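**Student:** A single structure is presented below for examination.
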Number of protein chains: 2
Amino acid sequence: MTSIIKIVKQIFMFYVLQRTKSNFAVATIIESALEMCQSYSMNLKELAKYLNLSPTTVSRALNGYPEVGAETKRRVDAEAQRLGYQPNPHARRLATGRSHAIGHVFPTDRSLMIDPLFSDFVAGAAEIYAVHGFEVMLHAGGSEDEISVYRRYAQGGAVDGVVVLGPRVNDPRIAVLNKLKLPFIVHGRLDEHEDSYAWLDIDNRGAFQKATKLLTDLGHRRIGIINGLEDMTFALHRKQGYESALRDKGIGIDPMITSSGLMTEENGYRQSKRILQITNRPTALLLSSMLLVSGAMRAINEMGLHIGKDISVIAHDDGLPFLNAEGLVPSLTTTRSSIRAAGSRVAELLLNIITDADAEQPHELWSVDLIVRGSTGSVGV
Amino acid sequence: MTSIIKIVKQIFMFYVLQRTKSNFAVATIIESALEMCQSYSMNLKELAKYLNLSPTTVSRALNGYPEVGAETKRRVDAEAQRLGYQPNPHARRLATGRSHAIGHVFPTDRSLMIDPLFSDFVAGAAEIYAVHGFEVMLHAGGSEDEISVYRRYAQGGAVDGVVVLGPRVNDPRIAVLNKLKLPFIVHGRLDEHEDSYAWLDIDNRGAFQKATKLLTDLGHRRIGIINGLEDMTFALHRKQGYESALRDKGIGIDPMITSSGLMTEENGYRQSKRILQITNRPTALLLSSMLLVSGAMRAINEMGLHIGKDISVIAHDDGLPFLNAEGLVPSLTTTRSSIRAAGSRVAELLLNIITDADAEQPHELWSVDLIVRGSTGSVGV
DNA sequence: GGTTTTTTCCAAAGCGCTTTGAGAGGCAAT
DNA sequence: ATTGCCTCTCAAAGCGCTTTGGAAAAAACC
């Protein structure tokens with residue numbers, strides 16, 4: 001059976017390869033054959049035979065090694081192009097031991113909460129991977145936990161590196177990955193051992209400090225905060241920024257007007273409603289996500305308050321394309337940092353780590369812009 | 001160099017393998033070595049040598065072929081487990097020609113709009129893949145367009161199948177995939193050649209027909225609609241459902257109160273504002289996405305209207321975890337169908353197609369529940 | 001007991017690529 | 001003429017697995 005296929009393959013290739021020399025009738029047949037069988041893939045050996053070269057030389061020519069003559073290389077490249085030759089990725093992976101793939105693991109352990117930030121982040125990353133000929137391998141929870149997945153990846157060389165998302169306080173993943181010698185980079189950062197791994201983070205502390213300071217400068221003294229889950233380091237850092245700015249002004253911290261939880265529309269609504277209903281209600285609100293904003297605006301509208309007048313609002317904006325802070329009415333004052341751009345940069349850094357094995361571990365801390373728009377006003381105007 | 005590594009490997013393996021027989025001191029060393037080198041992966045040959053079996057037999061035992069004795073299989077399984085043996089995925093792929101991976105392509109061509117629905121869908125799918133030992137390969141736009149990616153996938157056997165998302169009217173992808181003989185399934189469906197490919201779709205037409213009928217039954221005669229981009233088949237179908245329900249009641253279609261565009265918060269706001277500002281404004285609004293709802297509610301609130309009284313609202317709810325229709329106030333009447341569940345089912349169907357090469361092309365049309373909640377009321381009450 | 005069938009295992013040949021180590025040919029220097 | 005040094009090319013040996021086509025041992029039949 002397989003031998004029949006082989007023979008057909010041979011015949012077919014013969015015609016295809018002779019295409020330039022054949023007469024019209026044959027050429028027509030060939031064209032339609034080519035059309036029909038565009039899925040056919042020739043391999044290196046066949047290409048080499050056609051070029052009257054050894055597979056070695058062809059392989060080297062295509063991969064740009066210097067040992068092959070300029071003219072030969074040109075010829076090989078041209079024919080490979082014309083015939084649509086694509087090296088078999090699996091064979092290449094096996095031979096080189098490199099997978100040209102990056103692993104991303106979905107954070108499904110958080111009560112089935114699929115974070116819409118994730119898709120934006122990974123989209124940014126994936127575009128970079130695509131440019132460099134890398135694939136992205138996704139994994140979503142299930143029976144295996146994240147760490148076993150890493151272990152499996154490391155063993156089989158299924159991926160050349162992984163991206164760790166949403167680090168938590170004392171996150172166990174970092175230690176494991178270091179042990180596994182699997183290249184990785186963290187989006188976000190832990191407070192401990194900052195130097196022992198690569199990371200890219202935005203300055204969450206600074207961002208919320210700036211935001212809080214803006215509010216205190218505008219005269220606000222009661223400022224509520226609706227934050228992400230507190231064991232996530234990003235949320236912790238934001239809280240620290242918030243608290244330090246308050247301390248700077250000698251303002252005490254009131255747990256009644258703080259909240260941390262899932263960043264959903266509904267939670268935004270509930271928490272802001274709760275916070276705005278207490279007797280001495282805050283005059284300003286800090287929100288950790290645009291998702292929370294939709295809910296908060298709902299609550300605020302419902303209570304008959306006016307954003308920017310009765311209550312000032314600042315939110316962190318990850319640049320999600322379906323939730324535009326500027327388009328809101330009034331337009332929203334935000335601390336803004338594109339999560340998609342972060343994804344791209346993380347990808348670049350990881351690819352660097354992978355190719356320059358002994359390069360330094362990169363650490364990038366992005367400062368976050370505070371963009372003042374219409375949702376913040378001085379108190380009591 | 002590599003030979004040194006080899007020797008070390010040999011020695012190491014020797015100790016590890018003898019672990020059960022060794023005395024305490026050695027055992028301790030071994031334990032720590034094991035600990036340190038958890039990333040070490042033995043290969044089939046080594047495992048076979050240790051078991052005094054041939055690689056053939058071990059391979060067969062692990063893959064559950066019948067040619068191997070029950071006792072032998074048990075032994076092999078046990079030792080493989082104990083030693084943490086994992087077959088090298090690339091070698092396996094090369095040998096079998098199957099990649100055990102499914103391709104998903106990100107829809108980035110839509111003006112950089114990363115659809116948050118996508119992550120929910122793929123999360124559902126990925127969980128199924130994980131159970132069956134399949135990986136998901138993601139690809140996001142960039143230099144290559146979607147079709148070239150498919151072509152590349154097909155040639156190298158990089159994936160065993162692909163999932164096509166967001167089909168458009170006259171979508172060219174289907175024809176290409178059929179030609180490439182790359183197994184695939186469409187989430188959604190085209191109107192043409194419905195039988196020539198596998199698909200799973202929700203009954204968008206029926207859903208919006210039901211929703212519109214509910215509104216007309218409640219006495220509404222001017223019903224606006226804010227839909228997705230009209231070249232997407234799902235949006236087209238919804239529009240058809242809407243129009244057919246109106247026709248049934250002899251109600252004309254007014255293009256002034258219909259709209260189609262990106263499903264973003266901002267667009268929801270703008271379009272609903274526009275529609276609600278025309279002189280003879282609708283008493284009900286149909287929305288194609290919960291994302292549009294946030295914007296629409298904003299507009300409605302701003303105009304001082306009350307949902308469920310002045311204006312009835314029905315939206316399609318894909319079950320996004322961060323945007324809960326029931327949690328809104330008033331809770332929202334929706335046509336509901338979990339996109340995540342669809343992802344899971346699509347994955348199952350595709351895996352079926354892949355394993356049973358000559359199974360029938362599955363076609364599943366999911367009916368959509370209309371869940372009546374507080375946002376719909378009879379007109380003029 | 002001899003013959004056939006079944007069970008259980010193995011040697012060896014791939015899968016399609018990369019890479020090592022070496023050879024052939026050309027040219028300049030000795 | 002010999003040597004040395006490039007430049008360009010190749011044969012062959014992997015990478016780690018699966019799978020084909022037996023073969024040996026055990027079991028079943030006549």
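**Student:** Tell me the residue from B:136, B:176, B:162 that is within 12 Å of chain A (Cβ to nearest Cβ) and open to solvent by less than 10 Å² (accessible area, probe 1.4 Å), please. So that I can check it myself, show each step before the final result.
**Tutor:** Details: B:176 fails: open to solvent by less than 10 Å² (accessible area, probe 1.4 Å); B:162 fails: within 12 Å of chain A (Cβ to nearest Cβ).
Only one candidate passes the filter, namely B:136.
**Student:** If you scan the range B:58-109, which residues turn out to be within 10 Å of chain A (Cβ to nearest Cβ), free of Cβ contacts under 8 Å to residues at least 60 places away in the same chain and away from DNA strand C (no atom under 13 Å from the Cβ)?
**Tutor:** Matches in the range B:58-109: B:84, B:85, B:86, B:101, B:106, B:107, B:108.
**Student:** Yes or no: residue A:76 at pLDDT below 90, touching a helix residue (DSSP H, G or I) at 6+ places or on another chain (Cβ under 9 Å) and of a type in the set (Val, Ile, Thr)?
**Tutor:** Numbers: at pLDDT below 90: no; touching a helix residue (DSSP H, G or I) at 6+ places or on another chain (Cβ under 9 Å): yes; of a type in the set (Val, Ile, Thr): yes.
Taking the combined requirement at face value, the residue does not satisfy it.
**Student:** Taking the range A:77-103, which residues are buried (at least 18 other Cβ atoms within 10 Å of the Cβ), more than 9 Å from DNA strand D (Cβ to nearest atom) and among the hydrophobic types (A, V, I, L, M, F, W, C)?
**Tutor:** Across the range A:77-103, the qualifying residues are A:80, A:83, A:101, A:102.
For (1) more than 9 Å from chain A (Cβ to nearest Cβ); (2) of a type in the set (Phe, Trp, Tyr); (3) open to solvent by less than 10 Å² (accessible area, probe 1.4 Å), each residue gets a yes or a no:
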position	(1), (2), (3)
B:314	yes, no, yes
B:319	yes, no, no
B:329	no, no, no
B:335	yes, no, yes
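**Student:** What number of residues within the range A:345-381 are among the polar types (S, T, N, Q) and surrounded by 20 or more Cβ atoms within 10 Å (Cβ to Cβ)? Step through it out loud before you land on a result.
**Tutor:** So the first thing to find is which residues in the range A:345-381 are among the polar types (S, T, N, Q), and the list is A:352, A:355, A:361, A:367, A:375-376, A:378.
From what's left, surrounded by 20 or more Cβ atoms within 10 Å (Cβ to Cβ): A:375-376.
Qualifying residue count, the range A:345-381: 2.
**Student:** Another question about this same structure. Does residue B:344 satisfy being touching a strand residue (DSSP E or B) at 6+ places or on another chain (Cβ under 8 Å), among the small types (Gly, Ala, Ser) and touching a residue at least 12 places away in the same chain (Cβ under 8 Å)? Before you say what the answer is, go through the steps one by one.
**Tutor:** Numbers: touching a strand residue (DSSP E or B) at 6+ places or on another chain (Cβ under 8 Å): no; among the small types (Gly, Ala, Ser): yes; touching a residue at least 12 places away in the same chain (Cβ under 8 Å): yes.
Answer is no for this residue.
**Student:** Regarding residue A:190, is this residue within 14 Å of chain B (Cβ to nearest Cβ) and at pLDDT below 95?
**Tutor:** For residue A:190, the condition - within 14 Å of chain B (Cβ to nearest Cβ) and at pLDDT below 95 - is not met.
**Student:** Looking only at the range A:143-155, decide whether some residue is assigned by TED's automatic domain parsing to the domain that holds residue A:352 and in contact (Cβ under 8 Å) with a residue 60 or more places away in the chain. Can you show your working first?
**Tutor:** Residues of the range A:143-155 assigned by TED's automatic domain parsing to the domain that holds residue A:352: A:143-155.
Those left that are additionally in contact (Cβ under 8 Å) with a residue 60 or more places away in the chain: none.
No, the conditions are met nowhere in the range A:143-155.
The values are calculated or read from the model by the stated rules, or taken from the named source; none is laboratory data. Just so it is clear, the structure is predicted and the values come from calculations on it, not from any experiment. Note that we place each Cβ from the backbone using ideal geometry, even for glycine, and neighbour counts take in every protein chain shown. In case anyone asks, the SASA skips ligands and DNA or RNA and just uses the protein heavy atoms, side chains included. Shrake-Rupley method; radii C 1.70, N 1.55, O 1.52, S 1.80 Å.
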